[in-house]
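The values are calculated or read from the model by the stated rules, or taken from the named source; none is laboratory data. Because the structure is predicted, anything quoted here is derived from the model rather than measured. Virtual Cβ from ideal backbone geometry, glycine too; neighbours counted across all protein chains shown. Remember, those area values only see protein heavy atoms, side chains included, never the ligands or the DNA or RNA. Shrake-Rupley method; radii C 1.70, N 1.55, O 1.52, S 1.80 Å.
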Amino acid sequence: QVQLVESGGGLVQPGGSLRLSCKASGNIFRPYTMGWYRQAPGKERELVASIASSGMPNYADSVKGRFTISRDNAKNTAFLQMNSLKPEDTAVYFCKIQLFNGQIWGQGTQVTVSS
């Protein structure tokens with residue numbers, strides 16, 4: 001059974017930075033895609049960024065140029081470096097791994113951008 005553990009959320013001032021980590025464990029077979037999603041209060045969950053096994057990234061327009069997704073295949077871990085954070089980035093951030101036989105979600109980590 002595959003499990004995801006997220007870390008790195010917290011409170012940061014506008015313009016600040018945070019780095020999220022998502023480590024997958026269990027029976028993981030490549031190729032797989034890992035992604036970060038977020039959900040703000042009263043809004044639907046939305047894709048922030050994803051990265052394929054090849055390393056090819058994909059970003060939401062709202063975070064392009066500010067966020068960078070990366071992965072360490074040897075450790076089955078994905079990272080989301082978030083710079084120039086804005087109040088509108090405040091949300092619960094969820095990690096997801098897309099495997100050949102389904103998808104698994106993490107428990108979510110809160111990111112709050114506020115002065």
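3J(HN,Hα) along the stretch 8-14: x, x, x, 9, 9, 7, x Hz, from the Karplus curve 6.51 cos²θ - 1.76 cosθ + 1.60 with θ = phi - 60°, whole Hz, x for Gly and Pro.
The calculated FRET efficiency for the pair Ser115 and Gln3, based on their C-beta separation and a Förster distance of 41 Å, comes to about 0.70.
The HN-Hα couplings worked out from phi for the stretch 60-69 by the Karplus form 6.51 cos²θ - 1.76 cosθ + 1.60 (θ = phi - 60°) are 5, 4, 5, 10, 4, x, 10, 10, 9, 9 Hz, whole numbers, x standing for Gly and Pro. With contacts taken as Cα pairs under 8 Å and at least 6 residues apart, the chain reaches a relative contact order of 36 percent.
Summarise the accessible area of the stretch 9-101 (1.4 Å probe, protein heavy atoms) by the percent that is carbon and sulfur. Don't skip to the answer; put the middle values down first.
Working: 2500 of 4920 Å².
Result for the stretch 9-101: 51 percent of the exposed heavy-atom area is carbon or sulfur.
Accessible area per residue for the chain is 54 Å², calculated with a 1.4 Å probe on protein heavy atoms, without ligands, DNA or RNA.
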